[in-house]
Structure formats: structure tokens, C-alpha cells
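Here is the structure we will look at, set down as C-alpha cells.
The values are calculated or read from the model by the stated rules, or taken from the named source; none is laboratory data. None of the values given here were measured: they were computed from a predicted structure. A quick note on method: Cβ atoms are made from the backbone with ideal geometry, for glycine too, and the neighbour counts reach across all protein chains shown.
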Amino acid sequence: MEVNKPSNTNIKNKRRKPNKTKTLLGSLVLTILVIYAVASVVRLVKNPTNTVIVKEGKISKEETDTGYIIREETVLKGENYKNGMQQIVDEGKKVAKGESIFRYYSNGEESLREKIKTLDIKIQEALENNNDDLLSSDAKLLDSQISKKLSNINKLNSIQTIQETKKEISGYITKKAKIAGEYSPSGSYLKKLIDERSGYENELNSGAEYITSPLSGIVSYRVDGLEETLTTNNFDSYTKEFLTNLNLKTGQIVSTSNETGKIINNFIGYIACTSRTPEANGAKVGDSIKITLPSGKIIGAKIVQINRENDVEVTLIISFTEGMEELLLYRKITFDIIWWDSTGYKVPNSAIFQENNLNYVIKTRAGYLEKILVKIRKAGEDYSIVSNYSTSEIKDLEVAENAKTSLNLYDELILEPTEEQLSEVKN
């Protein structure tokens, strides 16, 4: 009996069917993996991380404003202001009451100084030609002091110090000349030069006008004419309209005067600004704040006056006791008001949720989730500073006895916890 054998074609077809099935399954698995990978990438882009580590940080509430500098200023001006002035005390230096600040040149001073300068050269030549035996030990000591001052003068960078050093050198030369003159015969050439120089010097000093400080404070030669306008006498007058009408440029440096100077109270200064923020509208006289000066220096300040402009704006008068020297350059500045700041455990607001008017975070550790009660000390727009409740505070709260109440540095918290995660946590 003959048995029919399957043909080669049938065998190949049977073998191909399983291969097609495997191919379809492989393609399906690959497609699923691709879809999953794409979804994971999308989730990663939208939310790069779903946890955050608890770290120490700082948050603050700040605003930037334009402020007008108000100072207690006393302008000083002498009779000879048209002659030009010479600074005796440098800009920004502190002086005591009665101390000379600057002087006005006397009439014909330039001519007198040229004559004295010419005589100094002749006197010096006469001294060099004089017999050394005529010079006393005092004169030789003066030579040493003159040399020392001359060697140091190039290292100085203060106008006041340089002027004082030049004056000392001139004094030493004059003393040396007088000593030499005492050893010289009456009517000698050196004696005549010294007497002539003394006459010119007396004429120079008698014609100069020295301006002294009527009170202690900081010296400034930056006089802008607003010293009698922006005063501390009446803070009620400072309104938005009043300040705007001054037509001042923000950050403009006040130029140095060649005719006048002034003394500024270095113990307190003021800034007037207009603001419409909720913090400004809710502020009270006596509130302590901080301000940031143009240099970036942060100093303490206090609100001393609030003038209501309208329903949304107020003009604040803020006092401060630091940074007076820095602000001598300006009358109108850009500065920051720091209404409050707080440091501690800095946590994103997206990690905090509420239950029964209490605030919680979810801590994750090795896949295990815990709900932790936290105390919000200060809340910002994106972050909050939190801490743990004290034992006595917890007793006054309606929480379960086994509630977790300890948050530690470097704990890992869940951001934007889902309903599933919230239901998973254990009290």
C-alpha cells in the first residue's frame, strides 16, 4: 500500500506560520516598549524629578523701588567763595565740631605762592652754600625728617594726607631756614631771604578764609541745591507728586562743588519711596525691614512715616543708620525692600498638603512612605520654611498618637503626591 508523503511545499508553509506569529508578537512587544519609553520621556520632561531632598535654605519677600535720599544736611559757604576753595578734609570723612574743613583762597594767592616758591629755591641754595658748622643738630634732624616725608609722599592716595604732608615738609624747610638764619650775621643774604619769605607767608595766611564745622558729622562737597528741600523737618509733605516734580534722574551722581561744602548727620538717614504692593499697603509705622543699597549691601531699616496716596498706593519714609558714606554720591537711587526673610528647612510648596488644617509632607525611604506633620514658619510663592512642632505644641493639636512629627535634614520628600500615594501613607 502506497503512503502519500507531504510535499516540500506543505512542509515549508507549516514552518512559516509559526515564524509569522513570532514576528507579530515581537513587533507588538517592541511597539509597547517604544510607547512606554516615549511616555516615560514625556513624563520625565514634564516632571524631571518627583522627589526633593530637605536642605537648609532661605526665602524672602522683596520688591524693587525708586527712592529719594533725605538727610540732615548743613550747607557751609564763606564770603570768599568766588576765590575758589581748597579741601582740608576729604569727602566722606568724619569731623568734630570746630574742625577746619576747607579754606577759600585769598586775593592774589597765586602770585604770593609763586614768590614764596622762588624764595624757597634761593633759600635752599643759600643753605647748601652755607658752612655745615653753622647748622645745629636740630637742622640736621629736620633734614632727615624732610627726606623721610619726601620718600613716602608717592605712596599716599588721600588728598587730605598729601596736603598735610606737603604742609609738614614746607614747615620743616621754614624751620631749617630760620635755624640757619639765626646762625647767619644780621643783614646777611640768607637772613634777608628768610625775612622776605615770612612777610609773604603772613600776607597769605591773613587773607585766607577758613571754614570750620559747626557740628560733628560727615564732610561732603557734593551740593545739589536740594539740601533745604529734602529735609527731615516735615515728612508729611513727601508725596508721589512732590517727589516726581523734583525731576531727578535715578542713579545720577551729584557733582562736586568748588564753592560750598556741607556737614551731614552720619547717625541717621532716610529714603522716601512710593509703592503699591500688598506688603507696602499693609505696613505699619515702626515696622522693621531691611533694604539693599546700590552696592548690594543689606542694612536694617525702619518705617517711620506712611503717607496714603490713594486706595492702592502709599509713600513710605524709611530710616536707616548704616551706609551713609555710600549714599553721598546720590539723591535718587534704585533699591530693594526686604519685607521679611526666613531660614531653615526649605521645602517646595508642591511637597506640602493639608489635612484638617494641618500641614504634612510625605517622606519616602526605600519605597516606604511616611506622612510627616510639619510647621510652616514662613510661606513664599514657591517655597516654605518648615520646622518640627515642639512637644508642648503637639499636645495642643488634634493629631493621632502615632503620627509622625519629625522631619530631618536630607530626608527625601514626594513632590505633588498623588491620591494613590496619599492613601498608601500610614499615620
Revision key, fill the gap. R197 fails exactly one of (1) modelled with pLDDT of 95 or more; (2) buried (at least 16 other Cβ atoms within 10 Å of the Cβ), namely (1)
**Study point:** Options V89, V75; residue that is in contact with a strand residue (DSSP E or B) (Cβ under 9 Å, 6 or more places away or on another chain), modelled with pLDDT under 95 and closer than 23 Å to K262 by Cβ
**Key:** V89
Point to revise | Meets criteria (within 20 Å of T250 (Cα to Cα), at pLDDT 95 or above and within 16 Å of the chain's Cα centre (by Cα)) for T334 | key: yes
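With the structure loaded, tell me whether E227 is surrounded by fewer than 16 Cβ atoms within 10 Å (Cβ to Cβ) and either under 30 Å from E79 (Cβ atoms) or more than 22 Å from the chain's Cα centre (by Cα) (or both) or whether it fails that test.
Answer is no for this residue.
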Revision key, fill the gap. Of the residues in the stretch 264-316, those that are within 16 Å of the chain's Cα centre (by Cα) and more than 19 Å from R331 (Cβ to Cβ) number 5
Check your understanding: Out of the residues in the stretch 62-115 that are loosely packed, with under 14 Cβ neighbours inside 10 Å and in contact with a Pro (Cβ under 9 Å, 6 or more places away or on another chain), which is farthest from K290 (Cα to Cα)?
Key -> G98
Review point. Is there a residue in the stretch 295-307 that is closer than 21 Å to V254 by Cα and either polar (S, T, N, Q) or in contact with a helix residue (DSSP H, G or I) (Cβ under 6 Å, 6 or more places away or on another chain) (or both)?
Key: yes
Exercise for review: Scan the stretch 51-72 for residues that are more than 23 Å from A280 (Cβ to Cβ), of a type outside the set (K, R) and in a strand (DSSP E or B) and jot them down.
Suggested key: T51, V52, I53, E56, G57
Study note, to complete from the structure: Residue pairs within 8 Å by beta carbon, gap of at least six or interchain, first lying in the stretch 283-300 and touching a residue at least 24 places away in the same chain (Cβ under 8 Å), second among the basic types (K, R) and not in a loop (DSSP other than H, G, I, E, B), listed first then second, are I289/K302; I298/K290; I299/K290
Review point. Quick check: is even one residue across the stretch 241-258 of a type in the set (G, A, S), closer than 26 Å to V75 by Cβ and surrounded by 15 or more Cβ atoms within 10 Å (Cβ to Cβ)?
Key: yes
Practice item. Tell me which residues, restricted to the stretch 304-328, are buried (at least 19 other Cβ atoms within 10 Å of the Cβ) and among the hydrophobic types (A, V, I, L, M, F, W, C). Key: V314, L316, I317, I318, F320, M324, L327, L328
